[in-house]
Each structure stands twice: as structure tokens, then as C-alpha cells.
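Only one structure is covered here, and it is reproduced in the block below.
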Amino acid sequence: LASNGGTTNVPINVSTGSMSRPRTFDSTDVPKAIPDNTPAGVTSVVNAVGGGRISSVDVTIGSITHTFDSDLQIELTSPDGTTVRLFDRNGSSGDNLTNTVFSDSASVAISAGAAPFTGSFIPAQPLSAFKGQHAGGTWTLTVRDLAGADTGTLNNWGLSISRITCN
């Protein structure tokens, strides 16, 4: 503070909030066949209940069975309409994604992984794009097979959403 009498420092504490314990939501509309060589792909939804703003999102692909992973492109779209690409034709001729977690806090990029991509991976695009958006609503996972001759199935997937809470 500055005044005619001089300058002095006054400490100010401002509470900014913290991250809530993650809530997990699983898709209930699977399994679904992934159409071969079809840019529209297949979609599956998760309905996240509850309000609040997003602090972080992780995505778990419990199982995609597919006979040529580098045909696949996987994207997640938030209720607000933001789309993040998780997987972009990785894995060469390898098969399947099994217990694959996409997380910005992982230490290995998905592009450096190998089929069946078991474990945690940094997605092709950052999930932090969802930070600050409303958590509740319908989330959509899109899986595309962008080349012919191989087929697969989206068996299960889910989200883990941490929200910002005020103290």
C-alpha cells in the first residue's frame, strides 16, 4: 500500500480452490462394431452427472479389439463440443488396445507405445483442452477405421473427471 505516510506491505491470502477426487463414468452402450474403412466411424457416449468445472480428464479404453491398430483414430468430444484426438493411427500392424489410459500426466507418448498399448500414455493432443469446461453432460468417444481389410470392436471405455472445487 502506498499513501502520503509512506509505503507498506500487507499480506493478502486468496483461496483459489483445489482439485476434487476424480469421479469415474463408464459407457453403457458398448460393445459396438467399428465399421471398416469408414471416416464417420462409430460413436459411444458417457453421461457424466454433476456440476462443476473440469480440472483434469483421463480416458480409459478398457478394450478395443482390432486387427491393425494403425487403421484407427480415436477422439473424445466434451459436452461443450471440444474435440481432442487421443490416438492417431499408431501401432503399425499390432492388434488391440487393452487397459489403455490416456492422461496428460503419463510419461510415455501414445506415438511411442506398442500394441496392445497397455498402461498410461500421453494422448496425441492434450486433454487439458477440457480444463475449465463444465464436467456434466454427454461425452462422445469416436473410433474410426481409416483403411480397408481389418475390423474391430469397441468393447468398453470410460472417463475419470476431476473438478475444481472452491475452498
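Out of residues 5 or more away from residue 41 or on other chains, whose amide H comes under 5 Å of its own, with H placed 1.01 Å from N in the peptide plane?
Under 5 Å from the amide H of residue 41 lie the amide H atoms of 145, each far enough along the sequence or on another chain.
Pop the C-beta distance of residue 36 and residue 109 into the FRET formula with R0 = 35 Å and round what comes out to the nearest 0.05.
The pair residue 36/residue 109 has a calculated efficiency of 0.80.
So what J values fall out for the stretch 51-60 if you push phi through Karplus, 6.51 cos²θ - 1.76 cosθ + 1.60 with θ = phi - 60°, rounded to Hz, Gly and Pro as x?
x, x, 9, 6, 9, 7, 9, 10, 10, 10
State the dimensionless ratio Rg/Rh of the stretch 44-167 (Rg: radius of gyration of Cα atoms; Rh: Kirkwood radius).
Result for the stretch 44-167 is an Rg/Rh of 0.98.
Given contacts defined as C-alpha pairs under 8 Å and at least six residues apart, what's the relative contact order of the chain, whole-number percent? Could the numbers behind the result be given before it?
Details: 460 pairs, mean separation 65.6, N = 167.
Relative contact order, the chain: 39 percent.
Select from 65, 46, 92 the residue farthest towards the positive end of the dipole of the chain; place +1 on Cβ of Lys and Arg, -1 on Cβ of Asp and Glu, and compute about the Cα centre.
46
Given a 1.4 Å probe and heavy atoms of the protein chains only, how would you sort 32, 131, largest accessible area at the top? Each step should come with its number before you reach the end.
Working: 32 60, 131 125 Å².
If we order 32, 131 from most to least accessible, we get 131, 32.
Let me know the Rg and Dmax you get for the stretch 19-106 when you use only its Cα atoms, in Å.
14.1, 41
Pull up all non-local amide H partners of residue 152: gap of 5 or more, or a different chain, and H-to-H distance under 5 Å with H placed in the peptide plane.
Distant-sequence amide H within range of residue 152: 34.
Residues in the stretch 98-122, backbone N under 14 Å from the label point at residue 131 (7 Å along the Cα-to-beta-carbon vector): list them, ranges by number please.
It comes to 104-106, nothing else.
Any idea what the dipole of the chain comes to, in debye rounded to 20, about its Cα centre with Lys/Arg Cβ at +1 and Asp/Glu Cβ at -1? Mind showing how you got there, number by number?
Numbers: 9 positive and 13 negative charges, 150 e Å.
Charge dipole of the chain: 720 debye, to the nearest 20.
What net charge do the residues around residue 42 carry, taking every other residue with its C-beta under 14 Å from that of residue 42, with Lys and Arg at +1 and Asp and Glu at -1?
For residues surrounding residue 42, the net value is -3.
Grab the other residues whose beta carbon is less than 12 angstrom from that of residue 162, score K and R as +1, D and E as -1, and report the net.
Once all neighbours under 12 Å are counted, the net charge is +3.
Net charge near residue 129: determine it from the other residues with C-beta under 14 Å of the C-beta of residue 129, scoring Lys and Arg +1 and Asp and Glu -1. Mind dumping the intermediate values first?
On the way: positive: 53, 85, 131; negative: 58, 75, 80, 104.
The answer is -1.
The values are calculated or read from the model by the stated rules, or taken from the named source; none is laboratory data. From a predicted model like this one, the values you see are computed outputs, not experimental measurements. When we count neighbours, we look across all protein chains shown, and the Cβ atoms used for this are built from the backbone with ideal geometry, even at glycine. To get the accessible areas, we keep the full protein, side chains included, count just its heavy atoms, and leave off ligands, DNA and RNA. Shrake-Rupley method; radii C 1.70, N 1.55, O 1.52, S 1.80 Å.
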